[in-house]
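Notes follow the structure.
The values are calculated or read from the model by the stated rules, or taken from the named source; none is laboratory data. For clarity, every value in this text was computed on a predicted model and none was experimentally measured. Positions of Cβ are generated from backbone atoms using ideal geometry, with glycine treated the same way; all protein chains shown enter the neighbour counts.
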Amino acid sequence: MKQRGFFTDTTLCIGCKACEVACKEWNQLPDDGFHFTGMSYDNTAELGASTWRHVAFIERPVPLGGQETGLGNFSWLFMSDVCKHCARAGCLESCPTGAIVRTEFDSVFVQPDVCNGCGYCVVSCPFGVIDRRVDDGVAWKCTLCYDRQKDDLEPACAKACPTDSIKFGDLLELRLIAEQRVQDLHARGVNEAYLYGADPASQPGTQGLNAFFLLVDKPEVYNLPRDPVAPASRSETGWSSLAMAGLGMVVAAIGAVWSTRR
Amino acid sequence: MIPTDSDTTALATYYDRPILKQPVWIWTVPAYFYVGGVAGAALVLGAVAQLTGDSELRRLVRTCRSIGAAGHVIGSALLIYDLGRPSRFFNMLRVFNVKSPLSSVSVRGFWQPEVWPRVSLRLLPSGSGSDA
């Protein structure tokens, strides 16, 4: 089966939030409480258990490369964020129930009828994507519309995107499209355009993202980590620390017993 | 490739919002670390005391085993209480995942054959004095 994923080209995003709405509609997700963040047009604020697409609104005090606007030193950046479906997924590696699986489309899927809500995936995601819902106690995140893919339909967010900022398809094809897009943007003077997580070489900690992005500023500006790492890659250190601690405990116990003997 | 602080804009973060999610764990998890640690240490101490074969240490061995058994029961209860769906606790025992410390420890901890018989012996009044 082909690997399928998202290429989200943030330079095409107009911040309409149609992806957020389509995702909520299709997946029948509950609302988040209609709060105002007071920080921007972004009132969703973050991805979570009931928000699987989130549009970030960034007001920059600098113009975009190769652009002059009537506003002077200003540019809007929008980015529709989503679960990255990492090639090496922290949530999947940490799951003790086997609820989180890799599907035939190479996406990462949480089986809601298996998850027992231990919450280990929540701290193991280097992107802060997956979260536990308060009402049913189970972890939820983007499924890459697994149900729609089963019927050869594209995910709801990509379907609803009016500018094709969200592209869905075969991962290898998406990478080619993305590389061409970066070259086109560079030719137009948008020299800051680059791909985030498009391949294992550029993001070894996750071995590449099945949902990758084209960005024009630092990852931190979009609330993305610069160098995300699946925590289990450090489990060897953890296990050897455990072994040392166990050994120390045995030595201490032997010492304690020895000291009682004449 | 990826721009650094010296490049581009004055912005450093996204409205100072955290990138990572807060843990959903409640007080029972740190409580478990303490209870489980004490129980584990007691079992190690008891095992070493038993291996010496010193009859004067028989009482220490028994105490250590009781603490270990009680900690095992209380620790399990604390961990299960923390789950979003406690009734699905057993889902944690159906797979073994070396990369997940939570999986390894719960599978190893719960299915260890040497402890549960002792737990029952310790907690039953008639068995409390026996040297199981």
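A few remarks follow.
- Number of the exception - A:T51 against (1) surrounded by fewer than 23 Cβ atoms within 10 Å (Cβ to Cβ); (2) within 30 Å of B:S103 (Cα to Cα): (1)
- Residue that is surrounded by the most Cβ atoms within 10 Å (Cβ to Cβ), among those in the range A:228-245 that are within 11 Å of another protein chain (Cβ to nearest Cβ) and of a type in the set (A, V, I, L, M): A:A230
- Residue check, A:M249 within 9 Å of another protein chain (Cβ to nearest Cβ) and not aromatic (F, W, Y): yes
- Number of residues in the range B:82-111 that are within 13 Å of the chain's Cα centre (by Cα) and part of a helix (DSSP H, G or I) equals 11.
- Being more than 14 Å from chain B (Cβ to nearest Cβ) and without any contact (Cβ under 8 Å) to a residue 60 or more places away in the chain holds for only one residue in A:E25, A:E68, A:E59, and it is A:E68.
- Within this structure, A:L195 passes the test of being surrounded by fewer than 23 Cβ atoms within 10 Å (Cβ to Cβ), within 12 Å of chain B (Cβ to nearest Cβ), of a type outside the set (K, R) and in contact with a helix residue (DSSP H, G or I) (Cβ under 8 Å, 6 or more places away or on another chain).
- Taken together, the residues in the range A:55-100 that are closer than 30 Å to A:S235 by Cβ and assigned to a strand (DSSP E or B) amount to 4.
- Residue count, the range B:44-59 (criterion: more than 20 Å from A:G246 (Cβ to Cβ) and either free of Cβ contacts under 8 Å to residues at least 40 places away in the same chain or surrounded by 19 or more Cβ atoms within 10 Å (Cβ to Cβ) (or both)): 6
- Subset of the range A:213-227 that is acidic (D, E) and outside any helix (DSSP H, G or I) - its residue that is farthest from the other protein chains (Cβ to nearest Cβ): A:D227
- Taken together, the criteria exclude A:T10 from residues that are surrounded by 15 or more Cβ atoms within 10 Å (Cβ to Cβ), among the polar types (S, T, N, Q), within 14 Å of chain B (Cβ to nearest Cβ) and within 29 Å of A:V134 (Cα to Cα).
- Taken residue by residue, the range A:29-48 has no member that is assigned to a strand (DSSP E or B), aromatic (F, W, Y) and modelled with pLDDT of 90 or more.
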